[in-house]
Amino acid sequence: MGNDELRDLRAQCRERVDTLAAQFPLERLSSVEELCALLTVRRGRPVLPEAAPLPSTIAGVWVANERTDYLFYAQDAPRPHQEHIVLHELAHLLCGHKSGPAQVELLRTLLFPHLDPTRVRSALGRARYDTRQEREAELLATLIEHRWLGLRRSRSDVGLVDLEKSDEERDTAERLDVLAKNLRTRRAL
């Protein structure tokens, strides 16, 4: 992905986050489940996050049937990671991503044999971020998470990532955040 394409993708994702923040009181949400409940009301169809015993190669999967969107996430992942997985799957839904019939059938057969194949419309399961859809979903999930956390806490306590900076600049900023937190902790003692 070239710099121009990445810049355009970031702009699109920021616009989606701004739209989402204008529609929902992100600062008052205490969990991704609450966001799913709000999306359920807005979309008129359930958006249900559910823990599942997924294979280690799949962190999360979005399965949509005629009436419901299921957001399955790895039940053994730590809670913060589970929340990010749900946001990632929500991002696919918000972006209107789709997957092919072969992937739907494979996931249905391996992971969800109890689902009626004629009623499953789409499913996305991922372990890698090598497609544009994956990059878009991951970026959107990260931006939603940062907006949500940024509204709930002060910027200095969260250490939000500036996506316009290089990896080296972000790494330096993260180290400075950790150092500042350690200094505040020592002063408090």
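The values are calculated or read from the model by the stated rules, or taken from the named source; none is laboratory data. Everything numeric in this text was worked out from a predicted model, so none of it was measured. Neighbour counts are summed over all protein chains in view; Cβ atoms, including those assigned to glycine, are modelled from backbone coordinates with ideal geometry.
Taking residues in region 128-147 that are within 21 Å of Glu27 (Cβ to Cβ), and partners anywhere that are modelled with pLDDT of 85 or more and of a type in the set (Val, Ile, Thr), the pairs with Cβ atoms closer than 8 Å and at least 6 places apart or on different chains are Leu140/Val17; Leu143/Val17; Ile144/Val17; Arg147/Val17. Here Pro49 passes the criteria (1) farther than 21 Å from Leu143 by Cβ; (2) in contact with a Leu (Cβ under 6 Å, 6 or more places away or on another chain) except the one numbered (1).
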